[in-house]
Structure formats: C-alpha cells, structure tokens
Amino acid sequence: MRAETSQPVHEIIATRRSPRSLNPSIALSDQDLIAILEAARWAPSAFNGQPWRFFVARNGDDLFAKTLSTLAPFNQSWAKNSAVLITVAAKTTKDDGSTHADYQYDLGLAVSQMVFETHHRGYVAHQMTGFDRAQSAEVLEMATDVTPVVVVAIGKQDAPEKLEGPAAERELAPRVRKELSEIVLAGLPK
C-alpha cells in the first residue's frame, strides 16, 4: 500500500510499512544482514561520534530468545516470527567522558538508514519501543554507559490474515500521517 503523499517521494518511502505479519520460515542471509548493518553504520552523526550499538539476534539462537523475552507481550506475540531482532542501543557518553546529549537523534538516523536498506532488499522492519529496557541491558550484558533505545524486528512480510485481534486490525489499517500543515509550524510553501 503506497502512502498518499502531497508530492512524489522516493519509492522506498512511499511503500515502506512496519508490518507485524512475518514469515517465520524465511531467514535473512548473511550478506543482507551485513548490508543492513552497513547502511546503519554510515549514518550521519554529530561530530562523527557514532554512538549507536547493535545487538543482533537471529531466530533460533539463544540471543533471540533473550531479546524476545524483553519485549512487551503484545510485541512478543508477533515478533517471534521475525528472522532477526536487533536491539539498538547507544553510548550515552562521548569519548572524553562528557554526556552525549544527542545520542538519540544520531541513533534515529542510523535506524532510519537500516530500515530503508531493509526495505530495499525486499524485507520489512518493524521498530518497537515496547520492551523492558532494564531487562534488555541486563540480558544483553550492556556496559553501564550504553542504554537500549529500540528493538527492530526484520523479516519477510506474510499474509495479514495470519494475525489475530488488535495485531490484525493494525496490519490492515490504512497508512496515515498528519498533514504538513499540522507539523510545519512556519515556512510551509503554499
């Protein structure tokens, strides 16, 4: 389903979605996974600090089960079918020990590039903030200056009919965004 945009945008942006219906029998190749991580690696960051850190868990391995256990029950119900769960965390201090006030902005850019590369390669990505951050930091043995921010489920989209209840409703809902006039508070061309 294409986004209804006010002006034409790149095909990846117009068709990208965050589905929950994922095919558990389709794995992500090493080449595709590395390319997805490489796209994130090359994201811009303030002063080239690159605060993002990735914990990659493949379906079937021990790290996947640990990562899945940190998700809210609703997210566990469908994310269990993803090929990969990537916990994206950030180093909250700079190399000089000072606070990295912009780590979330930088991390968001890296995740955005990760999502676009995922979509470009024929997979889908669904970003989740519904997870227990303290549990995630513990089970993934994160350093004290690293904090989990988001978990990204990656896989091949499956039929929406395989979902039930609220997940199915969300899967079939139209893709909508606020109008530009609602979010551009000054300077919007007429």
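Just so it is clear, none of the values below were taken in a lab; they were calculated from the coordinates. All figures in this text were calculated on a predicted structure; none of them were measured in a lab. Every residue, glycine as well, gets a Cβ built from its backbone with ideal geometry; the counts of neighbours run over all protein chains shown.
Which of rounded, prolate or oblate describes the stretch 133-177 when judged by the alpha-carbon gyration tensor and an a/c cut-off of 1.5?
Working: a/c = 3.13, a/b = 2.55, b/c = 1.23.
Prolate is the answer for the stretch 133-177, as a/c is 1.5 or above and a/b outweighs b/c.
For the stretch 96-190, what Kirkwood radius comes out of the mean inverse Cα-Cα distance, in Å? Mind showing how you got there, number by number?
Numbers: mean 1/r = 0.0589 Å⁻¹.
Kirkwood radius, the stretch 96-190: 17.0 Å.
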Considering only DSSP states other than H, G, I, E and B, which GluC sites (Glu not before Pro) in the stretch 133-190 qualify as loop sites with at most 13 other Cβ atoms within 10 Å? Glu141, Glu164, Glu179
With no solvent term and unit scatterers on the alpha-carbon positions of the chain, Debye gives log₁₀ I(q)/I(0) at q = 0.08, 0.15, 0.19 Å⁻¹ of -0.28, -0.97, -1.37
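Give me the Kirkwood hydrodynamic radius of the stretch 12-53 in Å, from all C-alpha pairs, to one decimal place? Present the calculation step by step, with values, prior to reporting the outcome.
Values: mean 1/r = 0.0762 Å⁻¹.
This gives a value of 13.1 Å.
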If you take all C-alpha pairs in the stretch 20-130, what percent of them are over 23 Å apart? 31 percent
In debye to the nearest 20, how big a dipole does the chain give about its Cα centre with +1 on each Lys and Arg Cβ and -1 on each Asp and Glu Cβ? 440 debye
